[in-house]
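Student: Take a look at the following structure, please.
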Amino acid sequence: MSDAHPERQRRLLYGRRKGPKLRGRQAELLETLLPQLTLQIEKDRDPRGYFSAPVSEVWLEVGFGAGEHLHALAQAHPDVGLIGAEPFINGVAKLLSKLAPDEGGNIRLHVGDARDIIEALPDKSLGRVMILFPDPWPKTRHHKRRFIQSAMLDALARVMKPGAELRFATDDPGYLVWALERLVAHPQFAWTAQRADDWRNRPADWPQTRYEAKAIKGVPSYFSFVRI
């Protein structure tokens, strides 16, 4: 279960950056609203200071897709700062189009690699990390591009508070086995499941993603690990 160290070669963990031509309103929001919500990454800065609204803790979503999950959490937890990383510009535009004029105070976005954020965060600064239906990179030669790697779990363990939750979901059987092998073996994460239904069913406080509603390819699994 040997994974390449990320410092040796920083491989891309995502595919295309742009999709179909954006609608006029979406393109406008990228020009006007996105600069207001863009995360201005600073090394070792307390992430609570990134938000215009006062927040008690900060959660990170890696690859938020079209933003339904991130938006729902921001609405349900106004006292939590939500940082979302998403390299696909069309997904970012879709999230921006969902926001009401008075929203966004507890949301910050990074249009790029989530590792940029993780590497800059101070120790023990996140209360939750969410990795939902990431690209499984099914071909063997692409497994090194999967987000869940032993070295990445080391990095997440560093920036997560003791007791912080790591949520991971996938509908790919191969990625499920790959991720569980690494998560269960990691000494700083503990699996919270007590019974099969705990990972077979999406928890009530886990908003559905657009991918789940429209593009699911297999039986989804939902995993929760706690930073020891």
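Student: Which of the residues spanning the stretch 165-181 are part of a helix (DSSP H, G or I) and either surrounded by fewer than 19 Cβ atoms within 10 Å (Cβ to Cβ) or among the acidic types (Asp, Glu) (or both)?
Tutor: Within the stretch 165-181, 173, 174, 177, 180, 181 qualify.
Student: Here's something else I'd like to know. Looking at this structure, is residue 28 among the charged types (D, E, K, R), under 21 Å from the mean Cα position of the chain (by Cα) and at pLDDT 95 or above? Don't jump to the end; show me each part of the working.
Tutor: On the way: among the charged types (D, E, K, R): yes; under 21 Å from the mean Cα position of the chain (by Cα): no; at pLDDT 95 or above: yes.
Answer is no for this residue.
Student: Right, residue 184: in contact (Cβ under 8 Å) with a residue 60 or more places away in the chain, β-branched (Val, Ile, Thr) and out of contact with any helix residue (DSSP H, G or I) (no Cβ under 7 Å at 6 or more places or on another chain) or not? Give the derivation first.
Tutor: Numbers: in contact (Cβ under 8 Å) with a residue 60 or more places away in the chain: no; β-branched (Val, Ile, Thr): yes; out of contact with any helix residue (DSSP H, G or I) (no Cβ under 7 Å at 6 or more places or on another chain): yes.
So residue 184 fails the test.
Student: Next up: Output the number of residues of the stretch 191-216 satisfying the condition of being out of contact with any helix residue (DSSP H, G or I) (no Cβ under 9 Å at 6 or more places or on another chain), touching a residue at least 12 places away in the same chain (Cβ under 8 Å) and farther than 16 Å from residue 131 by Cβ.
Tutor: So the count comes out to 4.
Student: Here's something else I'd like to know. Tell me which of these residue 209 doesn't satisfy, since it passes every other one: (1) over 14 Å from the mean Cα position of the chain (by Cα); (2) over 22 Å from residue 121 (Cβ atoms); (3) surrounded by 15 or more Cβ atoms within 10 Å (Cβ to Cβ).
Tutor: The single condition residue 209 does not satisfy is (1).
Student: Determine, yes or no, whether residue 66 is surrounded by 13 or more Cβ atoms within 10 Å (Cβ to Cβ), at negative phi and modelled with pLDDT of 95 or more.
Tutor: Judged against the criteria, residue 66 is not a match.
Student: Looking at the stretch 122-137, I want the residues that are closer than 18 Å to residue 225 by Cβ and have a partner that is outside any loop (DSSP other than H, G, I, E, B) and modelled with pLDDT under 95 with Cβ atoms under 9 Å, at least 6 apart or on another chain. Which pairs are those?
Tutor: 132/211; 132/212; 133/211; 133/212
Student: Now for a separate question. Determine, yes or no, whether residue 199 is within 22 Å of residue 118 (Cα to Cα) and either at pLDDT below 95 or buried (at least 20 other Cβ atoms within 10 Å of the Cβ) (or both).
Tutor: no
Student: Another question, if that's okay. Within the stretch 53-98, track down each residue that is without any contact (Cβ under 8 Å) to a residue 40 or more places away in the chain, farther than 25 Å from residue 227 by Cβ and of a type in the set (A, V, I, L, M, F, W, C).
Tutor: 95
Student: Applying the selection to the stretch 199-226, what residues are within 12 Å of residue 167 (Cβ to Cβ) and outside any loop (DSSP other than H, G, I, E, B)?
Tutor: 199, 221, 222, 223, 224, 225, 226
Student: Just give me the residues in the stretch 128-162 being within 13 Å of the chain's Cα centre (by Cα) and surrounded by fewer than 18 Cβ atoms within 10 Å (Cβ to Cβ), in sequence order.
Tutor: 135
Student: Among the residues of the stretch 148-157, is any among the hydroxyl-bearing types (Ser, Thr, Tyr), farther than 20 Å from residue 206 by Cα and part of a loop (DSSP other than H, G, I, E, B)?
Tutor: no
The values are calculated or read from the model by the stated rules, or taken from the named source; none is laboratory data. Being a predicted model, the structure only gives us computed values, none of them experimental. Positions of Cβ are backbone-derived with ideal geometry, glycine not excepted, and every protein chain shown enters the neighbour counts.
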